[in-house]
1. Please go through region 18-59 and give me each residue that is more than 30 Å from Leu73 (Cα to Cα), touching a strand residue (DSSP E or B) at 6+ places or on another chain (Cβ under 8 Å) and among the polar types (S, T, N, Q), ordered by number.
2. Can you tell me which residue among Arg266, Arg311, Arg301, Arg275 is touching a residue at least 12 places away in the same chain (Cβ under 8 Å), of a type in the set (Lys, Arg), away from the ligand (no atom under 16 Å from the Cβ) and in a strand (DSSP E or B)?
3. From the list Glu173, Glu126, Glu130, which residue is under 20 Å from the mean Cα position of the chain (by Cα), surrounded by fewer than 18 Cβ atoms within 10 Å (Cβ to Cβ) and not hydrophobic (A, V, I, L, M, F, W, C)?
4. Which residues, taken from region 1-16, are over 22 Å from Glu32 (Cα atoms) and loosely packed, with under 10 Cβ neighbours inside 10 Å?
5. Which members of region 188-215 meet the condition of being surrounded by 14 or more Cβ atoms within 10 Å (Cβ to Cβ), away from the ligand (no atom under 16 Å from the Cβ) and not hydrophobic (A, V, I, L, M, F, W, C)?
6. Going through Leu242, Leu294 one at a time, which residue ends up being more than 16 Å from the ligand (Cβ to nearest atom), farther than 28 Å from Arg117 by Cα and either under 25 Å from the mean Cα position of the chain (by Cα) or part of a loop (DSSP other than H, G, I, E, B) (or both)?
7. Between Asn162, Asn93, which is of a type in the set (S, T, N, Q) and either under 22 Å from Ile218 (Cβ atoms) or modelled with pLDDT of 95 or more (or both)?
8. Determine whether region 21-40 contains at least one residue that is hydroxyl-bearing (Ser, Thr, Tyr) and either in contact with a Cys (Cβ under 7 Å, 6 or more places away or on another chain) or surrounded by 18 or more Cβ atoms within 10 Å (Cβ to Cβ) (or both).
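The values are calculated or read from the model by the stated rules, or taken from the named source; none is laboratory data. Source: prediction; values computed, not measured. Don't worry about glycine lacking a Cβ; one is built from the backbone with ideal geometry, like all the others, and counts go over all protein chains shown.
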Amino acid sequence: MAEIRRPDDMVRITTKELAEAFIEKETARIREQVGNRKVLLALSGGVDSSVVAAMLIRTIGDQLTCVHVNHGLLRKGEPEQVIEVFRNQMKANLIYVDAVDRFLDKLAGVTDPEQKRKIIGGEFIEVFAEEARKLDNIELLAQGTIWPDILESEDGIKAHHNAGGLPDDLKFELVEPVRILFKDEVRVVGECLGLPHSMVYRQPFPGPGLGVRCPGAITRDRLEAVRESDAILREEFDKNGLAEKVWQYFTVVPDFRSTGIKGGKRAFEWCCIVRAINTTDVMTATVEPIPYDLMCHITDRITHEVPGINRVLYDYTPKPTGTVEYE
Ligand code: XMP
């Protein structure tokens, strides 16, 4: 099959009309490629895999099987949103895999960041491969590859194939419905396909998820503190018009305790670090100046609503010298 490339003169998809034209053309191409064969998709709930799912559900319906692996490192409400949108609303064939214990057991006691990433990536492939082997007659694997992935892999910056690493008995033909699109175009197409705005315009989220925001050895209680504080931060950014203004914002709960007071008693608890950054190329980043009153309100909510947290700190470090994530 000839490699599909973005035509040099392709108009940037910025409107509903352009998105509809793309969807019409691409669905015809997908139907021709897939025929009556079956397709498998790892659906993380991120922008690219969600748009691929929506596109394929519209095009080939129940010839598509989506697998959503909950590795326990997702943000609050994410697995529920994937089930609601894809299984309940779009009537997709969705296999939900609760692999939380499996991942957290493997990660127990592991402190090295790269080792944590390796375990999360390796375990993900294993869980996905197990699910794939249970299914009959799957011939194709759908992927949310986008055009910058292709360009970066050609420039030798990074390998783009999400499927890289699948065992030899699972070699599928690839179907890549958003391959020629830039990220902003994927979002326009996603909204046109009926995906929720919050799903399509969400901030970047690393593959290893909250695992890199729970520095050192991940424990369930500290991970829960990251998840709950992140949910509060997101809610406050949404309410205060910062959610779509700031590139990326999250909380980190390091494995460090300090003395505090709660309910008149000594509370020896963790601190929660808030990070909010802006960037265009992610090579450098500046810090968003959060209004003082809002930061006080966020601090008040996190210290009162999240068990185990008695202080909130704001990270004023740009990239460099800091990276965006802590691990
Ligand atoms: P850093 O920390 O390198 O982050 O300044 C730059 C951007 O990349 C994201 N990031 C990751 N994304 N897997 C991912 O898919 C990872 O292991 C990973 N580490 C960092 C980070 O969230 C930021 O947007």
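1. The first filter runs over region 18-59 and keeps only residues more than 30 Å from Leu73 (Cα to Cα), leaving 18-37, 59.
The next check asks that each one be touching a strand residue (DSSP E or B) at 6+ places or on another chain (Cβ under 8 Å); those that pass are 30, 33-34, 37.
Listed by number, the list holds a single entry, Gln33.
2. On the way: Arg266 fails: touching a residue at least 12 places away in the same chain (Cβ under 8 Å); Arg301 fails: in a strand (DSSP E or B); Arg275 fails: away from the ligand (no atom under 16 Å from the Cβ).
Going through Arg266, Arg311, Arg301, Arg275 in turn, the sole match is Arg311.
3. On the way: Glu173 fails: under 20 Å from the mean Cα position of the chain (by Cα); Glu130 fails: under 20 Å from the mean Cα position of the chain (by Cα).
The unique qualifying residue is Glu126.
4. We begin by selecting, within region 1-16, every residue over 22 Å from Glu32 (Cα atoms); these are 8-9, 11-16.
Those that are over 22 Å from Glu32 (Cα atoms) and loosely packed, with under 10 Cβ neighbours inside 10 Å: Asp8, Asp9.
5. Of all residues in region 188-215, those surrounded by 14 or more Cβ atoms within 10 Å (Cβ to Cβ) come to 188-193, 195-196, 199-203, 205-215.
Still in the list and also away from the ligand (no atom under 16 Å from the Cβ): 188-193, 195-196, 199-200.
Result: Gly190, Glu191, Pro196.
6. Working: Leu294 fails: either under 25 Å from the mean Cα position of the chain (by Cα) or part of a loop (DSSP other than H, G, I, E, B) (or both).
It is Leu242.
7. Details: Asn162 fails: either under 22 Å from Ile218 (Cβ atoms) or modelled with pLDDT of 95 or more (or both).
Result of the check over Asn162, Asn93: Asn93.
8. The first filter runs over region 21-40 and keeps only residues hydroxyl-bearing (Ser, Thr, Tyr), leaving 27.
Filter once more, keeping what is either in contact with a Cys (Cβ under 7 Å, 6 or more places away or on another chain) or surrounded by 18 or more Cβ atoms within 10 Å (Cβ to Cβ) (or both): none.
Looking for residues that are hydroxyl-bearing (Ser, Thr, Tyr) and either in contact with a Cys (Cβ under 7 Å, 6 or more places away or on another chain) or surrounded by 18 or more Cβ atoms within 10 Å (Cβ to Cβ) (or both), one finds none in region 21-40, hence no.
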